[in-house]
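Asker: I'd like to ask some things about the structure below.
Computed from the coordinates by the stated procedures, all read-outs in this text should not be read as laboratory data. What you see is a predicted model; the values in this text were computed from it and never measured. Positions of Cβ are backbone-derived with ideal geometry, glycine not excepted, and every protein chain shown enters the neighbour counts.
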Amino acid sequence: MNYAASQALAPLVRGLCINAAGKPRVVITGPADENIPPQALTIDISSAWEKNHYNEESAAKVMHEAYAAWEFEAAPGGAEAAVRPEPNRKQPSCIALKTNGTINALFWVDRDFDAAKKRQEENNAALLEENLPPEGATGICPEAARADNRSNVVRNRIGLVTGGAQGFGEEIVRGLAASGALVYIADLNIEGAEKLAERINAAEKRTAAIPVKVNVAEEASVEALFNTVACTTGGIDLCISNAGVLKAGSVLEQDLKAFKFVTDINYTGFFIISKHAGRLLRLQQLTALGWKTDIIQINSKSGLEGSKKNGAYAGGKFGGVGLTASFALELIEYNIKVNAICPGNFFDGPLWSDPEKGLFVQYLKAGKVPGARTVADVKAFYEGKVPMKRGCTGPDVMRAIYYIVEQEYETGQAVPVTGGQVMLH
């Protein structure tokens with residue numbers, strides 16, 4: 001097995017570490033060298049290697065058995081600790097994969113990205129001491145049950161947000177980072193993603209955001225995105241499919257090119273993201289038994305009620321709700337929850353307020369609001385439609401994200417966050 005093939009096992013290694021700790025882990029992949037630390041856990045996965053590829057289930061089984069043997073024979077406390085685990089049981093911070101006598105890759109493990117990166121740079125495989133969660137605990141902080149601390153459900157977890165460089169995506173990225181998560185800012189606008197990551201990391205005084213370029217409408221680009229994620233942190237816990245576009249137009253006038261552009265991003269893009277995120281999360285689950293992960297689509301109230309002269313957008317969003325429910329039925333087998341959030345209008349974001357391409361300008365030109373003469377008239381018209389008399393905000397959506405992650409007994413739902421404009425039926 002070569003190094004590239006070993007990289008693909010990173011989600012299995014991360015799942016193994018999560019399973020042992022009951023908490024999130026960052027796993028950084030690196031090529032093997034001659035200085036394998038003596039404290040590294042070496043796992044021989046030769047039996048899982050079959051004709052230039054590995055059998056995922058076999059690799060997961062071998063990893064579990066090797067880790068159990070390490071706990072029983074090599075861990076501090078030996079057999080006694082394996083039978084009666086102590087609260088401060090230690091765990092390996094470096095795992096080496098071996099095939100046919102050759103070390104192919106090293107995986108450096110720690111609680112956060114900076115700590116794991118430092119271990120790799122210093123070749124430091126000192127055992128990682130962990131306070132194990134109480135029996136029956138899920139890995140979520142106990143205080144997360146309190147509403148004022150709900151954001152704790154994403155602390156130390158790894159998230160990914162598509163379209164994260166601006167608009168609602170930026171609000172979500174900032175919210176997750178402020179709540180203690182590590183977030184991939186996945187966006188076609190890589191310059192914007194890099195600048196945002198730089199600002200967030202400086203404010204948080206840690207690596208809280210990682211920029212990565214992606215075009216969600218191109219499968220090769222999305223596949224490359226998740227390969228990068230696997231090699232950089234071993235995997236993720238939360239994938240938020242937020243990237244979206246809108247071109248308003250009457251069904252009598254809109255050309256097919258514009259319709260297809262909107263559908264490719266909003267509908268097909270969600271399918272492609274879910275496909276490759278789901279593959280990665282499934283690999284993690286093979287070794288992280290019982291660890292629940294999330295795929296969340298940022299949908300729209302237009303996906304629940306339609307939108308006049310905006311059929312391409314509403315149709316794609318309606319389709320997204322259907323995909324959400326369908327993927328949820330399939331992926332729950334791997335402890336992957338799939339839900340959608342349907343926000344009301346984010347009036348202060350560029351989608352609505354951009355002076356040249358924003359929806360207020362588009363709707364004014366399209367004559368969508370009878371009698372409106374200015375952008376202010378259009379905005380006042382839409383604010384008047386909301387019972388709470390304001391648009392949706394980033395914090396409104398963040399509360400819904402925290403709820404979905406925390407709620408382990410819910411999948412396949414489309415949750416309205418609309419200020420009462422659209423209500424559950």
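Asker: List the aspartates and glutamates whose Cα lies under 16 Å from the Cα of Lys61, skipping any in the same chain that are fewer than 8 positions away.
Answerer: Asp44, Glu50, Glu71
Asker: Could you rank the peptides 121-128, 96-103, 205-212, 371-378 by their average count of other C-beta atoms within 10 Å per residue, with the highest value first? Don't jump to the answer; show the numbers that get you there.
Answerer: Details: 121-128: 15.2, 96-103: 17.2, 205-212: 19.9, 371-378: 13.1.
Highest to lowest by the protection proxy: 205-212, 96-103, 121-128, 371-378.
Asker: Still on this structure, I have one more. Cross-link list Lys337/Lys385; Lys118/Lys205; Lys205/Lys292; Lys257/Lys308; Lys309/Lys365; Lys213/Lys365: which exceed 22 angstrom alpha carbon to alpha carbon? Can you show the working numbers first?
Answerer: Numbers: Lys337/Lys385 32 Å; Lys118/Lys205 15 Å; Lys205/Lys292 29 Å; Lys257/Lys308 19 Å; Lys309/Lys365 12 Å; Lys213/Lys365 33 Å.
Violating the 22 Å limit, Cα to Cα: Lys337/Lys385; Lys205/Lys292; Lys213/Lys365.
Asker: For the chain, with the dipole built from +1 on Lys and Arg beta-carbon atoms and -1 on Asp and Glu ones, taken about the Cα centre, which of Pro395, Asn339, Ala177 lies farthest toward the positive end?
Answerer: Pro395
Asker: While we're looking at this one, here's another question. Find the Rg to Rh ratio for the chain, where Rh is the Kirkwood radius over alpha-carbon pairs and Rg uses the same atoms.
Answerer: Values: Rg = 23.1 Å, Rh = 22.7 Å.
Ratio of gyration radius to Kirkwood radius for the chain: 1.02.
Asker: Would you please name the GluC sites (Glu not before Pro) within region 13-70 that are DSSP coil residues with at most 13 other C-beta atoms within 10 Å of their C-beta? Each step should come with its number before you reach the end.
Answerer: Values: sites: Glu34, Glu50, Glu56, Glu57, Glu65; in loops: Glu34.
Here the sparse-neighbourhood loop sites are Glu34.
Asker: Okay, helix-only estimate at 222 nm for the chain: each DSSP H run of n ≥ 4 adds -39500 (n - 2.57), divide by all residues, round to 500 deg cm²/dmol; what do you get?
Answerer: Details: 16 runs with 180 residues, N = 425.
My calculation for the chain gives -13000 deg cm²/dmol from helical runs alone.
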